[in-house]
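Below: one structure, written as structure tokens.
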Amino acid sequence: MAFVDSVRNLFNRNRPAAIWGGAFALAFFLSLALFLALADGRFKVVLFFPVNISHKLSGEQRIVPRARNLDDNIETVVNGLILGPAELKFDRVVPAATKIRALMVKGSTAYLDFTPAILFPSEDVALPFEEALAAMRKSILFNFHTIRRVVFTVDGREPSSEFSANN
């Protein structure tokens, strides 16, 4: 009981400070709850594109919508790579006609299947096929730390050196 009495005495002596402190705490927790409830659902990603002159990969930061699951978030990143760079100093990674046929995450491995359009680059694609896949792999692994391995297929088959039309 002595503790409760000492708290009452402290509150009675510092009533204005206690009221202002309580109001501040209430406003803080209310704003925190609203922030968490009304978060805009976006996150930052880094997409790797080749620089025009050197063709070395460099990152371009974007803010993209957050999806409900990892598969959809990876699809958003890959579609950003297909869409191409926003900055003029970068070249495309893959042809604009490229489409994702299927995407699946199993454990720490992401499986992506593309349409055959990925094999036939346009003049604005600077990287050979294998390097384009490496740029996609780097973008996925950089942004999604739970993914440890990425497997690419084209029209359901794993590409090999003789399969690639980009060499």
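The residues of region 87-126 that are under 19 Å from the mean Cα position of the chain (by Cα) and in a loop (DSSP other than H, G, I, E, B), listed by number, are Glu87, Val93, Val94, Lys99, Gly107, Ser108.
Being over 13 Å from Phe49 (Cβ atoms), without any contact (Cβ under 8 Å) to a residue 12 or more places away in the chain and charged (D, E, K, R), is that true of even one residue in region 83-105? The answer is no, given that none of the residues of region 83-105 is over 13 Å from Phe49 (Cβ atoms), without any contact (Cβ under 8 Å) to a residue 12 or more places away in the chain and charged (D, E, K, R). Looking at Lys89, is it open to solvent by 60 Å² or more (accessible area, probe 1.4 Å) and within 27 Å of Glu158 (Cα to Cα)? Answer is no for this residue.
Here region 110-120 is the region considered, the condition is being modelled with pLDDT under 95 and out of contact with any Ser or Thr (no Cβ under 7 Å at 6 or more places or on another chain), and the residue that is most open to solvent (accessible area, probe 1.4 Å) is Phe120. When the test is whether a residue is surrounded by fewer than 17 Cβ atoms within 10 Å (Cβ to Cβ) and under 28 Å from Lys44 (Cα atoms), Ile100 passes it.
Name the helices (runs of 4 or more DSSP H) wholly inside region 1-84 in which the number of residues that are β-branched (Val, Ile, Thr), open to solvent by 60 Å² or more (accessible area, probe 1.4 Å) and out of contact with any Lys or Arg (no Cβ under 9 Å at 6 or more places or on another chain) is 2 or more. Steps first, please.
On the way: elements: 2-13, 15-37, 70-83.
Once the helices (runs of 4 or more DSSP H) in region 1-84 are filtered for at least 2 residues that are β-branched (Val, Ile, Thr), open to solvent by 60 Å² or more (accessible area, probe 1.4 Å) and out of contact with any Lys or Arg (no Cβ under 9 Å at 6 or more places or on another chain), what remains is 2-13.
Of the residues examined, Phe142 is one that is under 20 Å from the mean Cα position of the chain (by Cα) and surrounded by fewer than 19 Cβ atoms within 10 Å (Cβ to Cβ). The one condition from (1) closer than 15 Å to Ile140 by Cβ; (2) touching a Gly at 6+ places or on another chain (Cβ under 7 Å) that Pro65 does not meet is (1). Filtering Val150, Val94, Val154, Val125 for residues that are in contact with a Phe, Trp or Tyr (Cβ under 7 Å, 6 or more places away or on another chain) and either surrounded by fewer than 18 Cβ atoms within 10 Å (Cβ to Cβ) or not small (Gly, Ala, Ser) (or both) leaves a single hit, Val154.
The values are calculated or read from the model by the stated rules, or taken from the named source; none is laboratory data. Quick caveat: nothing in here was measured; it's all calculated off a predicted structure. All Cβ positions, even for glycine, are placed from backbone atoms using ideal geometry, and neighbour counts span all protein chains on display. With ligands, DNA and RNA removed, areas are computed over all heavy atoms of the protein, side chains included. Shrake-Rupley method; radii C 1.70, N 1.55, O 1.52, S 1.80 Å.
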